[in-house]
Amino acid sequence: MMPGFSLQAEAPGRTVCTLRVGGMDCSSCAESVERALRQLDGVQDVRVDVVGERVTVGYVEGKLTRGDLVSAITRVGYRVEDETPAGDDIAPFGTRARRVAEERRSAAWSGRRAQVALVVLAGLLWALSLVAEYALGIEALAAAAAVGAVVAGGRYVFPRGIRAAMQRALDMNFLMSIAAVGALLIGEYEEAGSVMFLYAVAQLLEGLSMDRARNAIRALMGLSPTEATVLRDGREVRVPVERVAIGETIVVRPGEKIPVDGVVLAGTSSVNQAPITGESMPVEKAPGSEVFAGTLNGEGALEVRSTRAASDTTLARIIHSVEEAQASRAPSQTFVDRFARRYTPAVVATAAALGVLPPLLGFGGWGDWFYRALVMLVVACPCALVISTPVTIVSALAGAAREGILIKGGLHLEDAGRARVVAIDKTGTLTEGRPEVVDVLALDGATPGDVLALAAAAEARSGHPLARAILRRAEEEGLAIQPVAETSAIPGRGLRARVGEEEVFVGSERLFEALAVPLDEVKHVLARYEAEGRTAVLVATRPTDDQGRTGHEDHPLRLHGVIAIADRVRPGAAEALHDLRAAGIEKIVMLTGDNSGTARTVAASLGGPGVGVDEVRAALLPEDKVAAVRDLRARYERVLMVGDGVNDAPALAAADVGVAMGTVGTDVALETADIALMADDLSKLPVAIGLARKAERIIRVNIGFSLAVKAAFVLLAVTGVATLWMAVLADMGASLLVIMNGLRALQPSRPRPVAAGATALAGSGSSA
């Protein structure tokens, strides 16, 4: 296997190759590599990810080999580094991968040290040239020192500039090379030295800043241990994490990180899942609980059965998704790239005209206008403009991942930031998605415990969600449940069971009306439950006959009570909707398949129009939800849809941005959602939107600032005010400033409180 690539077969005759490329620190680096590859016959498409240091090439098998791709990249001055080969069963954080990553970091730092040494040398020589010229008056020494500064500072610039010229490209390295050499030719030795020294400093700082953005991604690899303790033949054995087989038992001691995804077999403990889900509080784990690689075990020892290979854990898939996401281009980035391709040649042509036309027309000497043209060439490079967007997007994606928010690319990040309306599912999203007993009304001398115990006994063999809610409540209260002798369902209404010496009926109001049970004393209660969106379950008994048989019609039914069951509103849901308002969302619409009464009750509990839910659309089939999303898109342009994963998939796909809730360990949601909230935590949604809007603001500021600097220095260059060193300092200073500004997106912004009296969009309201 050749170093530095992974291969993936696509269509017949087409192969996609991904290579790790070192030495890329800016947009011109990416353009140089892309041009070199596109010139090869057989290359179909190229995608260069500067931050991820990866190049993905689609090419025709037979016309090219992997070696051809590697050679093309090395010819333009970049190195293809070793990486874990595709198909090797190695986790992205496994032993070999860690070793390779460490070697890569070591090589990169070694290169940085050499770069630092050359920058220091160039600075000393430039300083010497200034001292020799202005303090000592030794012009020959000043010239020699300046030439030395140009050579030292241009160690990496001149070779790349020459290769760019051979590619007929006007990148920054070429422009700086021309500027420095031109300054030497017209005798501006100190200017030449300053150009190359300042550019070398800027390159170094830009590389270090880019390393920080890369480290935000690489830090994910350090979340999981490289080794695991496995039980084999009754003995505990330490093995590399990538050698843990599915189904093996892993021992996780207190304070250790969990090495792979699995299910707890024995032991209880609390586990800090923040690295995966962003949850602030540890989660209690017991036999049967899922655990995830990279999470931190608390005070108890656990035995865990591995359910995924190390290369396929939730953490591994998050790493892969983040890498893929940050390689995708956002619309703003695409626009900037197109603009830069037209802008640079236009400015270079202007610089050429500036150097030739004025002296030809008699408006000054050739040397003066040639110098101004050199300044214009330096100004021409759109480095700050081009780098402003990808650094911000990568930082935002990495910052979101640390919060347990997986955003699948710059496109979805920008769309989320521009969304005005949030359409949100009710069941499982705004509510817990699990019916719970919320009230028990006892009648005829019975106690609430008696009513629950009777209902639980009758429902013991039922798998209905309402039955499970009753059984959970009875278990929580520690009630003694009698064994059920026989059970028969009454379709659509309830059931009948024999419990001890009684026949127990549990069901809806319709069941008891059919049985002619007087309900006058509970009618008002049933009406109130219905208005509140609660499901009423009635409980009644009658004795069996002398032989213990049910169906003895001579005995009237005795109503013991009513159990109210509802799907509880998710804790923190109201606060999450409030934070959505603070994040800039104008309208929140509930979409649910539930009845309108229940939906309105839930909406009212969340604050109502202008505070919580503005509009309710109930009794919707899946296709109705899709139609609702399309209607909202037509009215409000960008719509963000939130659901609990697979069930809401059509509506999620119809929205501009689909957000899936609680997707830890859920393959389908991780693959299909535009944004995945890894924990079952609605409060992460306003954080995601706030981060997206913060990134959008940063991008706009960066683009505006970059264009303003360019415009100012074009004017200064034409008027002869700007010098070469000023142009270099301004251009590269702008690049560094936009990079540092972009790195602010690593830190998500928390929504600010909505001002009292804030109102929603005019005309918003609630509808059934």
Using amide H atoms built 1.01 Å from N in the peptide plane, name the residues 5+ places from Val438, or on other chains, whose amide H lies under 5 Å from its own.
Ala564, Ile565, Ala566
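Given the peptides 41-48, 484-491, arrange them by the average over their residues of other C-beta atoms within 10 Å, most packed first.
Working: 41-48: 15.9, 484-491: 13.5.
Ranked from most to least packed, the peptides come out as 41-48, 484-491.
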Past 28 Å, Cα to Cα, is the threshold; run Lys587/Lys710; Lys426/Lys684; Lys523/Lys625 against it and keep the listed order.
Lys587/Lys710; Lys523/Lys625
Could you list Asp415, Asp567 so that the one with the fewest beta carbons within 10 Å of its beta carbon is first and the one with the most is last?
Asp415, Asp567
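Please work out how much length the chain gains when fully extended from Thr719 to Asp45, using 0.36 nm per residue of separation minus the C-alpha to C-alpha distance, in nm with one decimal. Could the numbers behind the result be given before it?
Values: separation 674, 0.36 × 674 = 242.64 nm, distance 4.32 nm.
Net length gain for the segment: 238.3 nm.
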Scan around Leu620 for amide H atoms under 5 Å from its own, H built in the peptide plane at 1.01 Å from N, and keep only partners 5 or more places away or cross-chain.
Thr592, Gly593, Asp594
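Could you order the peptides 531-544, 437-450, 390-403 from most to least packed, using the average number of other C-beta atoms within 10 Å per residue? Mind showing how you got there, number by number?
Numbers: 531-544: 20.9, 437-450: 16.4, 390-403: 26.4.
So the order, starting with the most tightly packed, is 390-403, 531-544, 437-450.
Could you work out how much longer the chain between Arg253 and Ala114 gets when fully extended? Use 0.36 nm per residue separation minus the Cα distance between them, nm to one decimal.
On the way: separation 139, 0.36 × 139 = 50.04 nm, distance 4.38 nm.
Gain on extension, Arg253 to Ala114, equals 45.7 nm.
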Pseudo-spin-label distance Arg402 to Arg630, built 7 Å along Cα→Cβ, given in nm, is 4.2 nm
Simple spin-label estimate for Arg697/Ala353, 7 Å along Cα→Cβ, in nm, reads 4.0 nm
If you take the beta carbon distance between Phe363 and Ala711 as r and set R0 to 30 Å, what does 1/(1 + (r/R0)^6) give as a FRET efficiency, to the nearest 0.05?
0.85
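Between Thr268 and Ile162, what is 0.36 nm times their sequence separation minus the Cα-Cα distance? Round to one decimal in nm.
31.7 nm
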Dipole of the stretch 433-568 (Lys/Arg Cβ +1, Asp/Glu Cβ -1, origin at the Cα centre): which of Leu466, Leu495, Val525 lies farthest to the positive side?
Leu466
Order 580-593, 235-248, 56-69 from most to least packed using the mean count of other Cβ atoms within 10 Å.
580-593, 56-69, 235-248
Integer Hz, Karplus 6.51/-1.76/1.60 couplings in order for the stretch 611-619, x for Gly and Pro
10, x, 8, 8, 9, 10, 10, 10, 6
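Going by how many other Cβ atoms sit within 10 Å of their own, how do Ser129, Ser508 line up, fewest first?
Working: Ser129 28, Ser508 18.
Fewest to most other Cβ atoms nearby, the residues stand as Ser508, Ser129.
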With each label point set 7 Å from Cα along the Cα-Cβ vector, what nm distance links Asp520 and Ala245?
7.4 nm
Positive-end extreme of charge dipole, the stretch 227-312 - chosen from Pro254, Gly234, Ser269 (charges on Cβ)
Gly234
Counting only residues 5 or more apart in sequence or on a different chain, those whose built amide H sits under 5 Å from that of Ala228 are Val239, Val241
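Bear in mind these aren't lab numbers, they're just calculated from the coordinates by the rules spelled out. This is a predicted model, so every value here is computed, not measured. Note: ideal-geometry Cβ built from the backbone for every residue, glycine included; neighbour counts use all protein chains shown.
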